[in-house]
1. Name the residue, out of K264, K328, K280, K346, that is more than 24 Å from T179 (Cα to Cα), at pLDDT 85 or above and either in contact with an Asp or Glu (Cβ under 7 Å, 6 or more places away or on another chain) or among the basic types (K, R) (or both).
2. Across region 128-171, which residue is nearest to D304 (Cα to Cα) among those that are surrounded by 20 or more Cβ atoms within 10 Å (Cβ to Cβ) and basic (K, R)?
3. Scan region 392-408 for residues that are open to solvent by 70 Å² or more (accessible area, probe 1.4 Å) and touching an Asp or Glu at 6+ places or on another chain (Cβ under 7 Å) and jot them down.
4. Give the residues of region 416-425 that are open to solvent by less than 70 Å² (accessible area, probe 1.4 Å) and either in a helix (DSSP H, G or I) or not hydroxyl-bearing (S, T, Y) (or both), sorted by residue number.
5. Could you give every pair whose Cβ atoms fall below 9 Å, whose first residue belongs to region 384-395 and is without any contact (Cβ under 8 Å) to a residue 40 or more places away in the chain and within 14 Å of E444 (Cβ to Cβ), and whose second residue is aliphatic (A, V, I, L, M) and open to solvent by less than 70 Å² (accessible area, probe 1.4 Å), counting only separations of at least 6 or pairs across chains?
6. Picking from F353, F361, which residue would you name as being in a strand (DSSP E or B), aromatic (F, W, Y) and touching a residue at least 12 places away in the same chain (Cβ under 8 Å)?
7. From the list L389, L371, L413, pick out the single residue that is part of a helix (DSSP H, G or I), hydrophobic (A, V, I, L, M, F, W, C) and open to solvent by 90 Å² or more (accessible area, probe 1.4 Å).
8. Sort through T179, T174 and tell me the only one that's in contact (Cβ under 8 Å) with a residue 60 or more places away in the chain, under 17 Å from the mean Cα position of the chain (by Cα), surrounded by fewer than 18 Cβ atoms within 10 Å (Cβ to Cβ) and within 19 Å of F361 (Cβ to Cβ).
Amino acid sequence: MENSDTNTGQGSPGDSSGDSPRKDDYEKVCFLCRRPESKAGKMIELPSNINICTDCMQKSFDSMNNGTTNYSELMQNMPNISMVDLSSVQNRVPEKQRLKKKKQKEEEPKQKFTMKDVPAPHRIKAQLDEYVIGQEQAKKVMSVAVYNHYKRVLSDYNDGIEIEKSNMLMIGPTGSGKTYMVQTLAKLLDVPLAITDATSLTEAGYIGDDIESVVSKLLAAADNDVERAEHGIIFVDEIDKIAKKKNTNQRDVSGEAVQQGMLKLLEGADIEVPVGANSKNAMVPLTTVNTRNILFICGGAFPDLEEVIKERLNKQASIGFRSDLKDKYDKEPDILSRVTLEDLRKFGMVPEFLGRLPIVFTLQELTEDMLVSILKEPKNAILKQYKKLLAMDEVKLEFDDGALHAIAERALLKDTGARALRAIIEEYMLDIMYEIPKDDNIGEVIITREYIEHTGGPRILLRGQEMALLEEHK
């Protein structure tokens with residue numbers, strides 16, 4: 001019986017059923033900087049049970065390459081260096097100072113991406129309607145394009161018919177909802193989303209972000225799951241900032257060169273990207289991501305594009321006997337909707353780049369009524385957020401129509417679209433959010449136009465006063 005017990009290893013320190021912790025329960029600690037693996041990242045294992053993090057290893061290589069010390073002579077002059085047991089130094093870290101590994105959650109089996117995961121265009125638009133006010137045409141175009149894109153991803157090529165990618169170009173004034181629409185769309189489809197700014201991109205070899213960095217951001221958003229990242233969405237904002245620079249003889253490293261560099265990404269190519277980092281270096285592992293099935297959506301305000309469109313339309317209208325006035329299109333509110341690929345080419349976009357963005361659509365500039373609707377109608381409208389905050393103090397919050405229109409009028413003056421709404425409301429709600437918790441008798445706060453225009457204050461109703469007012473109206 002004793003032999004059989006010994007063979008099964010009962011009571012051994014490494015037994016998970018015993019009380020003593022196993023060696024594997026603790027994180028590896030860097031021999032040089034003493035950071036645990038959860039902070040320093042993957043460790044490099046050396047003989048004698050020594051672990052070194054990638055940062056310290058890189059610093060060691062750099063100092064050896066840049067220094068003047070002859071390490072071979074140093075080793076010869078220290079014959080007893082082999083007698084030093086470095087593993088004992090490693091193990092001097094007190095047990096109480098060593099971090100235990102976080103318990104890994106049991107991974108659920110991955111579900112394969114199918115057409116059942118992609119709702120029909122009318123359902124996509126209906127879900128967008130719950131969060132995005134107006135922009136009916138843009139939501140319709142985007143819903144169809146996304147649906148067709150994922151049909152392409154899951155289609156069979158055995159019949160020889162290959163569907164082209166449905167990459168999109170969104171044109172609209174600042175604050176019209178370009179980024180918000182893409183964010184909402186990614187949430188509805190439950191696919192990873194990476195948002196990057198084209199202004200930081202430069203040609204490879206120059207200071208700035210490489211073009212491939214947009215794919216590394218998507219990989220990070222997909223928790224380093226390559227297969228999931230290859231079905232994701234990349235939104236490149238401020239795309240108008242990489243237009244060709246006019247009247248310059250210098251190398252255009254952040255304009256035309258970036259457009260040329262993005263061609264292979266948009267069309268589909270195998271890209272080597274660093275895992276867990278934004279830039280490639282010797283100590284960061286690389287993986288390959290194929291961009292063939294990644295949906296690219298580019299967006300920009302294109303501030304001077306309206307003048308290019310007006311110039312083309314005025315030139316067409318001034319030819320012939322029945323020519324129109326040259327200022328006919330100067331006051332047209334939705335002039336961006338008349339954009340053509342030729343207008344974008346004149347603006348500075350490379351024809352090959354535009355050819356890989358087959359779906360071009362515009363967003364309307366927000367009106368006062370649209371801003372009022374944005375304040376109160378979406379599922380996560382800012383007014384609903386503040387009502388919820390005050391409801392936690394058992395106080396009811398209301399905004400009268402005059403106040404909503406006054407806020408929208410102020411937002412229009414700032415000329416930053418829907419972005420201005422939150423800043424304005426934050427300004428007016430600061431004092432209310434500060435004063436309300438002081439008095440438990442306050443039952444309702446009504447924000448009035450006078451309060452927004454600084455000609456009066458909000459209406460405050462005490463608890464029980466609301467019922468009295470209801471009885472007066474009967």
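1. After ruling out the rest, the residue left standing is K346.
2. Among them, the one singled out is K139.
3. The one that is open to solvent by 70 Å² or more (accessible area, probe 1.4 Å) and touching an Asp or Glu at 6+ places or on another chain (Cβ under 7 Å): K396.
4. Of the residues in region 416-425, the ones open to solvent by less than 70 Å² (accessible area, probe 1.4 Å) are 416-418, 420-421, 423-425.
Residues satisfying the conditions are G417, A418, A420, L421, A423, I424, I425.
5. Once the first residue is without any contact (Cβ under 8 Å) to a residue 40 or more places away in the chain and within 14 Å of E444 (Cβ to Cβ) and sits in region 384-395, its partners that are aliphatic (A, V, I, L, M) and open to solvent by less than 70 Å² (accessible area, probe 1.4 Å) give K387/L397; A391/L397.
6. Numbers: F353 fails: in a strand (DSSP E or B).
Selected residue: F361, the only one of F353, F361 that is in a strand (DSSP E or B), aromatic (F, W, Y) and touching a residue at least 12 places away in the same chain (Cβ under 8 Å).
7. Details: L389 fails: open to solvent by 90 Å² or more (accessible area, probe 1.4 Å); L371 fails: open to solvent by 90 Å² or more (accessible area, probe 1.4 Å).
Residue meeting the stated conditions: L413.
8. After ruling out the rest, the residue left standing is T179.
The values are calculated or read from the model by the stated rules, or taken from the named source; none is laboratory data. The model shown is predicted, which means the values in this text are computed figures rather than measured ones. Using ideal geometry, Cβ is built from the backbone for each residue, glycine included, and neighbour counts are taken over all protein chains shown. Each accessible area value is taken on the protein alone, full model and side chains, heavy atoms only, with ligands, DNA and RNA left out. Shrake-Rupley method; radii C 1.70, N 1.55, O 1.52, S 1.80 Å.
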